[in-house]
Number of protein chains: 2
Amino acid sequence: MGIDIGATKALGVALGGDGSVVAQVRFPTQAGPDGVLRTAARVVDELSGSVGPASMVGIGVPGMVDPDSGEVSHAVNLDIDGVPLALAARLAEVVGRRVVVENDVNVAALGVAALTGSTDLAYLGIGTGLAAGIVVDGRLRRGASGVAGEIGHVSVDPAGVLCGCGQRGCLETIASGSALARMWPGGESARVGRLRKAALDGDAHAATVWNQFADGLAQAVTAVALGVDPEVIVLGGGVVEAGDALLHAVEEALDRRASRSPFLATLHLADRLERVPSGPFAAVGAAMLGASRS
Amino acid sequence: MGIDIGATKALGVALGGDGSVVAQVRFPTQAGPDGVLRTAARVVDELSGSVGPASMVGIGVPGMVDPDSGEVSHAVNLDIDGVPLALAARLAEVVGRRVVVENDVNVAALGVAALTGSTDLAYLGIGTGLAAGIVVDGRLRRGASGVAGEIGHVSVDPAGVLCGCGQRGCLETIASGSALARMWPGGESARVGRLRKAALDGDAHAATVWNQFADGLAQAVTAVALGVDPEVIVLGGGVVEAGDALLHAVEEALDRRASRSPFLATLHLADRLERVPSGPFAAVGAAMLGASRS
């Protein structure tokens with residue numbers, strides 16, 4: 001059983017013995033520590049009939065996660081800040097099942113691997129922040145301090161914008177939802193779509209921002225390639241899942257960079273970009289957590 | 001049997017069944033394709049009495065290596081450029097043993113792992129260029145296109161110096177032997193030592209260059225950590241192996257960066273830095289190539 005808890009909705013899946021999705025539910029996410037717990041418990045309750053009594057629960061959440069203790073902190077989107085939420089322990093008490101918790105980008109990477117059959121990939125999650133989940137030899141690579149793939153905090157411009165992390169010019173300051181909100185202020189919803197439309201309609205500033213954003217993502221893809229060099233790099237997160245236009249723009253930005261650098265040209269990065277598979281990949285990845293732990 | 005072929009010398013080792021070094025030889029490297037072949041054949045000949053007749057030969061060389069074919073190209077330091085040298089095939093013909101060839105930074109990483117017992121590390125090789133060899137779960141991580149760890153070509157300053165790769169502001173342009181030669185021109189030998197002495201003697205420009213160089217290496221260490229997040233990051237290459245002063249300077253630069261970034265502070269990067277082990281680690285790593293292939 002896997003649950004992908006996002007800021008607005010929680011998506012749960014039950015997997016059969018062959019890994020296929022046998023049941024799926026979706027509820028609005030209730031905010032705050034107690035709300036998140038209630039939401040998760042409701043999903044488990046709804047799916048319990050579809051899995052065996054000993055099945056564990058895997059959960060993906062935005063924010064900092066200690067995968068050993070199952071504690072969640074700094075999950076601002078879920079209104080969990082300050083005191084960490086012992087999500088694994090408290091939910092296990094309520095539902096009587098073993099619970100494993102992981103960062104949302106990591107479960108997305110596991111889920112993409114499961115649904116596509118790839119054993120060597122990076123999932124570049126472009127949400128409020130920017131981070132990659134990495135699967136090597138079919139297994140999640142967390143790293144010694146849990147920051148493998150945190151390329152959002154690679155500084156690429158000493159004269160850049162101050163990042164929340166304290167550094168300047170981090171990739172996250174040019175290639176993330178929050179970067180886009182700064183560069184193209186206004187209503188939250190469908191920002192990328194509106195930006196692209198304005199650029200297509202001849203708004204020169206919008207075109208500049210659009211190209212900068214795509215180029216920032218191209219730099220992020222390059223940083224992933226020069227670190228881990230995965231076979232496939234999947235772009236995900238709300239910004240990208242809205243459509244293919246941004247994916248194409250990033251491919252074009254990668255090609256522009258390759259045209260200036262014979263070295264980058266040998267990497268064929270544009271060909272290695274993919275969009276996320278259809279289906280509830282993050283929830284599936286959450287359900288796979290048990291396997292990746294063993 | 002493993003051979004580390006550098007620009008000036010070739011170091012060969014024979015390993016016993018328990019992985020210990022049972023014999024060791026060193027010859028000056030002869031330049032050019034035929035010279036490199038003669039040098040390697042001479043090492044193999046010298047060590048042949050110390051290993052079984054079926055033992056393979058592993059070789060580490062600077063330059064681009066196709067590990068499948070054993071071809072070496074763009075090894076400017078060995079005077080191999082233009083036409084690639086089919087090192088594995090041609091040496092195998094001469095010595096009657098199976099030959100495997102790998103990039104020098106990768107064999108160094110394997111060798112450090114073998115000599116220290118670590119199964120999760122990055123070896124940051126600071127030579128003319130800058131690149132990391134990565135060992136994950138005890139195995140060399142080459143990546144899908146062979147560039148895992150090539151963080152020397154992560155661009156960290158859009159206003160930086162033009163790099164040989166065609167990009168601008170690559171880490172290699174601020175943190176490598178060639179970067180140092182540009183920033184602190186003069187005789188080749190012991191450049192880092194002379195730079196440090198000048199800085200200590202009150203040369204303000206030397207002090208600036210020294211600090212910039214150490215900070216560039218700190219940025220490289222950070223990029224490795226945010227990509228792969230290895231337990232241990234080992235600084236190697238002629239520049240570093242000369243002494244501990246540069247290692248300490250990089251630790252200080254990492255601490256300065258951590259003091260400005262609470263996020264970086266959580267990574268304790270200065271504590272994870274190590275210098276290379278004593279012993280012929282690169283040749284040992286070359287001898288380990290067979291194991292890493294299986």
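None of the figures in this text is laboratory data; all of them are computed from the coordinates on show. Since the structure is predicted, the reported quantities are computational estimates derived from the model, not experimental observations. Note that we place each Cβ from the backbone using ideal geometry, even for glycine, and neighbour counts take in every protein chain shown.
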Task: Max mean-square fluctuation residue, GNM over chain B, Cα-Cα springs under 10 Å, options B:A132, B:A258, B:A14 - done: B:A258
- [ ] Between copies, how far apart are the A:S259 label points? List them in nm, one decimal, shortest first, with each point 7 Å from Cα toward Cβ, please?
- [x] 4.6
Open item on the list: Taking only the Cα atoms of the range A:209-261, how large is their convex hull per residue, in Å³?
Closed with: 79
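Specify whether the C-alpha gyration tensor of the range B:26-73 places it in the rounded, prolate or oblate class, a ≥ b ≥ c being the square roots of the eigenvalues: rounded for a/c under 1.5, otherwise prolate if a/b is larger than b/c and oblate if not. Provide the component values of the computation, followed by the final result.
Values: a/c = 2.62, a/b = 1.31, b/c = 2.00.
Oblate.
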TODO: Using every Cα-Cα pair within the range B:118-275, state what percent have a distance larger than 18 Å.
DONE: 57
- [ ] Express the relative contact order of chain B as a whole percentage, based on alpha carbon pairs under 8 Å and six or more residues apart in sequence.
- [x] 20
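Considering all projection directions equally, how large on average is the shadow of the alpha-carbon convex hull of the range A:2-97, in square nanometres?
Values: hull surface 22.3 nm².
It is 5.6 nm².
Could you work out, residue by residue across B:251-263, how many beta carbons of other chains sit within 10 Å of that residue's beta carbon, and then give the average as an integer?
On the way: counts 0, 0, 0, 0, 0, 0, 3, 1, 1, 4, 9, 3, 10.
Going residue by residue through B:251-263 and averaging, the value is 2.
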TODO: Give, to the nearest whole percent, the P(r) tail of chain B beyond 27 angstrom, counting all Cα pairs.
DONE: 40
TODO: Taking chain B as the reference, fit the longest principal axis to its C-alpha atoms, fit the long axis of helix B:32-47 to the helix C-alpha atoms, and give the angle between the two in degrees, 0 to 90, nearest 10.
DONE: 70
Open item on the list: I need the shape label for the range A:217-294. Rule: rounded when a/c is under 1.5, else prolate if a/b > b/c, else oblate, with a, b, c from the alpha carbon gyration tensor.
Closed with: oblate
- [ ] Post the alpha-carbon centroid distance, the range B:231-294 to the range A:14-75, in whole angstrom.
- [x] 40
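Per-residue mean of other chain beta-carbon atoms within 10 angstrom of the beta-carbon, peptide B:128-134? Mind showing how you got there, number by number?
Working: counts 0, 0, 0, 1, 2, 0, 3.
If you average over the peptide's residues, the count of other-chain Cβ atoms is 1.
For the protein assembly as shown, what is the per residue volume of the convex hull drawn over the alpha-carbon atoms, in cubic angstrom? It would help to have the intermediate numbers written out before the result.
Values: hull volume 92.1 nm³, N = 588.
So the per-residue hull volume is 157 Å³.
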Open item on the list: I want to check the label-to-label distance for A:L162 and B:A54. Put each point 7 Å from Cα in the C-beta direction and report it in nm to one decimal.
Closed with: 6.6
Task: Packing-based ranking, highest mean first, of B:159-166, A:247-254, A:43-50, B:99-106 given that Cβ atoms within 10 Å are counted - done: B:99-106, A:247-254, A:43-50, B:159-166
Task: At 7 Å out from Cα toward Cβ: B:V22 inter-copy label distances (nm, ascending) - done: 5.6
- [ ] Springs between alpha-carbon atoms under 10 Å, Gaussian network over chain B: tell me which of B:D255, B:D18, B:D137 tops the mean-square fluctuations.
- [x] B:D18
TODO: With chain B rotated onto chain A, spot the residue of B whose Cβ lies nearest the axis and note the distance in whole Å.
DONE: B:G227, 1
Task: Computed FRET value (nearest 0.05) for A:H205 with B:A89, which takes r as the C-beta separation and R₀ as 51 Å - done: 0.30
Task: Under 28 Å from B:K9, Cα to Cα: lysines that are on another chain or at least 8 residues apart - done: B:K197
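Please give the net charge around B:V232, taking every other residue with its beta carbon less than 12 angstrom from that of B:V232, where Lys and Arg add +1 and Asp and Glu add -1.
That works out to -3.
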- [ ] Using Cα pairs closer than 8 Å and at least 6 residues apart in sequence, work out the relative contact order for the range A:2-97, in percent.
- [x] 27
Open item on the list: Quick one: 3J(HN,Hα) in Hz for the range B:253-270, Karplus 6.51/-1.76/1.60 with θ = phi - 60°, rounded, Gly and Pro as x.
Closed with: 5, 5, 5, 4, 5, 5, 5, 9, 9, x, 4, 4, 4, 5, 8, 6, 5, 4
Task: For B:K197, inter-copy label distances in nm, listed shortest first [label point 7 Å out on the Cα-Cβ vector] - done: 6.9
TODO: Sort all Cα-Cα distances of the range A:60-181 into consecutive 5 angstrom bins from zero, then give the percent of pairs in each bin up to the one containing the longest distance.
DONE: 2, 11, 17, 20, 20, 15, 9, 4, 1, 0, 0
Task: q = 0.16, 0.17, 0.24, 0.25 Å⁻¹: log10 I(q)/I(0) that the Debye formula gives for the range B:111-186, counting C-alpha atoms only - done: -0.64, -0.70, -1.02, -1.06
TODO: At 7 Å along the Cα-to-beta-carbon direction for both A:H74 and A:R182, put a label point, then send me their distance in nm to one decimal.
DONE: 1.6
Task: Förster radius 41 Å - calculated FRET efficiency between A:T116 and B:Q24, Cβ distance, rounded to 0.05 - done: 0.30
